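The values are calculated or read from the model by the stated rules, or taken from the named source; none is laboratory data. It should be emphasised that the depicted structure is a prediction, and the values quoted were computed from it without experimental measurement. Note that we place each Cβ from the backbone using ideal geometry, even for glycine, and neighbour counts take in every protein chain shown. These area figures cover heavy atoms from the full protein model, side chains too; ligands, DNA and RNA do not enter into them. Shrake-Rupley method; radii C 1.70, N 1.55, O 1.52, S 1.80 Å.
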Amino acid sequence: MSTRVLIADDQALVRAGFRKLLESAPDIEVVGEASDGREAVDQARRLRPSIVLMDIRMPRLDGIEATRRLTGVDGDAIRVLILTTFGLDDYVYDALRAGASGFMLKDAPPEEIAAAVRIVASGEALLAPSVTRAVIEEFARQQPSAATTEPPAVAELTPREREVLDLLARGLSNPEICAQLVVSEATTKTHVAHILQKLDLRDRVQAVIYAYETGLVRAGNT
């Protein structure tokens, strides 16, 4: 089954470029394009893509609010991958809080963008490897003083799951967590799945945000 993609960007040339890039992959199908956030929400609800490639700065409705409408509690549970030219722009953090499953820079190599689409569409989350730690650190620094009392749900985690959450929140990939804890990748994936289930989180990006906002991990300790 092919991965169905909707491209949302206010620049026609950008949309055309991404369409050509993605349609060169045999397992990816571009099902539509949108030139602003409102159109992106309407088309996503009508076309039901596997994933929306969402620009942040668009007219009528920006990518952040469009993401919130598609992924929020009252949304349609459609996965969103943010595409940005702004690197560690403040808007990136707002988009992640709104429910995006990750972001990639628009000038990333074509193979990385196609791989990112597959990762997010499969149910995983993605923070571009080249900027993951910088994103997490900067995101953490922008947070207000974290709560001093742990949420009740954290008590449901086993000691090993707490370790995995800590490493995950510091930007480590599954292979890096495996090496750190000397466990198999299958075991790591199981721990991550249990963490997300127990904390009622959608994906790894949301786990990072949760860890910092609740004070489980603090800036400067990465």
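Quick notes on this one:
- Scanning region 39-49 for residues that are part of a helix (DSSP H, G or I) and on the phi > 0 side of the Ramachandran plot yields no hits at all.
- Residues in region 1-38 that are touching a helix residue (DSSP H, G or I) at 6+ places or on another chain (Cβ under 9 Å) and in a helix (DSSP H, G or I): Phe18, Leu21, Leu22, Gly37, Arg38.
- Taking the criterion of being under 17 Å from the mean Cα position of the chain (by Cα) and within 15 Å of Glu124 (Cα to Cα), the residues of region 170-188 that qualify are Gly171, Leu172, Ser173, Asn174.
- Residue in region 86-93 that is open to solvent by less than 60 Å² (accessible area, probe 1.4 Å) and modelled with pLDDT under 65 present: yes
- With respect to being touching an Asp or Glu at 6+ places or on another chain (Cβ under 8 Å), within 24 Å of Asp200 (Cβ to Cβ), open to solvent by less than 50 Å² (accessible area, probe 1.4 Å) and modelled with pLDDT under 75, Ala140 falls outside the description.
- For Ser173, the criteria (1) under 17 Å from Gly215 (Cβ atoms); (2) surrounded by 15 or more Cβ atoms within 10 Å (Cβ to Cβ); (3) hydroxyl-bearing (Ser, Thr, Tyr) hold in every case but one, which is (1).
- Ile119 being under 20 Å from Phe18 (Cβ atoms) and either part of a loop (DSSP other than H, G, I, E, B) or at pLDDT 85 or above (or both): no
- Condition check for Met104: open to solvent by 60 Å² or more (accessible area, probe 1.4 Å) and at pLDDT below 85: no
- The number of residues in region 163-219 being without any contact (Cβ under 8 Å) to a residue 40 or more places away in the chain and not in a helix (DSSP H, G or I) comes to 5.
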